[in-house]
């Protein structure tokens, strides 16, 4: 996530990158760790010191392991700095959820109360005035955007929602010094694996945001899968309908809901989202089809897990916070093939 963020920020026309941190790579040139960035920056990695970050930057992105950003954020907030956190540390509104799902207490209650969930399609107005934005997780970004129009318009029953998510291996991050064997080439290649069964940490994030849209509690059954792609995330959500609706009616609801959104593309009849159509971009492609036999809607979305599911969405949040056009620095089309 951090590497992709650097790629985007180094060519952003309104940004000057003033510092980059890594305790493990402290003192090393940026291009040594990320050869694809050769010639774009002379910066060297600095130790992670919150006070130093507050001195050199107006806005700070944090791409740290979960439960680490909350140790840095209080210093940045005390110094009046804006921050966008790419970890899970500020996504959940209830501090007890961190004990339940992340097995650790949250130590920055004030920051948690202040944080705005960073999905512009839902919270644009709040993000514009926020000083602390919690960037969504990749699975929730794909799932929420796939279902939001139905839930918001009261067209979905709130029980029996089933979500299937499939992510490329970059969703696991760089893995640091230890690597889960699940992500080794020999295990991931030519293989599909389910994991986090009935226990994935993104579940409460989905329920929180969908519940806010519905104005009532929502419970979902979510199963993530690892697929042999570098990047890309595909979501299929089966949503029970509150009343009978056909595919054309559902598509009209989606087009109205996402009208004017620069990065959500509602596909035409016969078109289907595909990960290769969004890789390297901040786009989310969505499609919805009615299944009258089961009285459900099949909601499908495709995103780049490092793009709309991570760093590119973070840059969109920065643009909103700064009052810049949201496409600034994100205009490049997806990479194909």
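The values are calculated or read from the model by the stated rules, or taken from the named source; none is laboratory data. Keep in mind the model is a prediction, meaning the values are calculated, not measured. Cβ sites come from the backbone with ideal geometry, for glycine too, and all protein chains shown count toward neighbours.
Checked against the criterion of being over 21 Å from residue 263 (Cα atoms), modelled with pLDDT under 95 and more than 13 Å from the chain's Cα centre (by Cα), the stretch 82-98 contains not a single residue that satisfies it. Sub-9 Å Cβ pairs linking a first residue in the stretch 16-41 that is in contact (Cβ under 8 Å) with a residue 40 or more places away in the chain to a second residue that is surrounded by 12 or more Cβ atoms within 10 Å (Cβ to Cβ) and outside any loop (DSSP other than H, G, I, E, B), at least 6 apart or interchain, are 24/45, ordered by first then second residue. Just the residues that are in contact with a helix residue (DSSP H, G or I) (Cβ under 7 Å, 6 or more places away or on another chain) and over 11 Å from residue 92 (Cα atoms), please, taken from the stretch 110-120. Scanning the stretch 110-120 gives 111, 118, 119, 120. When the stretch 297-317 is filtered for residues that are farther than 25 Å from residue 156 by Cβ and not in a helix (DSSP H, G or I), the ones remaining, listed by number, are 304, 306, 307, 310. State whether the residues of the stretch 212-224 include one that is outside any helix (DSSP H, G or I), over 21 Å from residue 152 (Cβ atoms), in contact (Cβ under 8 Å) with a residue 40 or more places away in the chain and touching a helix residue (DSSP H, G or I) at 6+ places or on another chain (Cβ under 9 Å). Among the residues of the stretch 212-224, at least one is outside any helix (DSSP H, G or I), over 21 Å from residue 152 (Cβ atoms), in contact (Cβ under 8 Å) with a residue 40 or more places away in the chain and touching a helix residue (DSSP H, G or I) at 6+ places or on another chain (Cβ under 9 Å), which makes the answer yes. Exactly one residue among 320, 286 is part of a strand (DSSP E or B) and at pLDDT 95 or above, and that residue is 286.
Of the helices (runs of 4 or more DSSP H) that lie entirely inside the stretch 9-124, those containing 1 or more residues that are under 23 Å from residue 139 (Cα atoms) span 69-78, 95-102, 109-114.
With surrounded by 16 or more Cβ atoms within 10 Å (Cβ to Cβ) and within 22 Å of residue 331 (Cα to Cα) as the only criterion, which of 39, 2 stands out? After ruling out the rest, the residue left standing is 2.
On the basis of being buried (at least 24 other Cβ atoms within 10 Å of the Cβ), in contact with a strand residue (DSSP E or B) (Cβ under 9 Å, 6 or more places away or on another chain) and in contact (Cβ under 8 Å) with a residue 24 or more places away in the chain, does residue 111 make the cut? Here the answer is no, as residue 111 does not meet what is asked. The residues of the stretch 249-275 that are loosely packed, with under 12 Cβ neighbours inside 10 Å and part of a loop (DSSP other than H, G, I, E, B), listed by number, are 259, 260, 268, 269, 270, 272.
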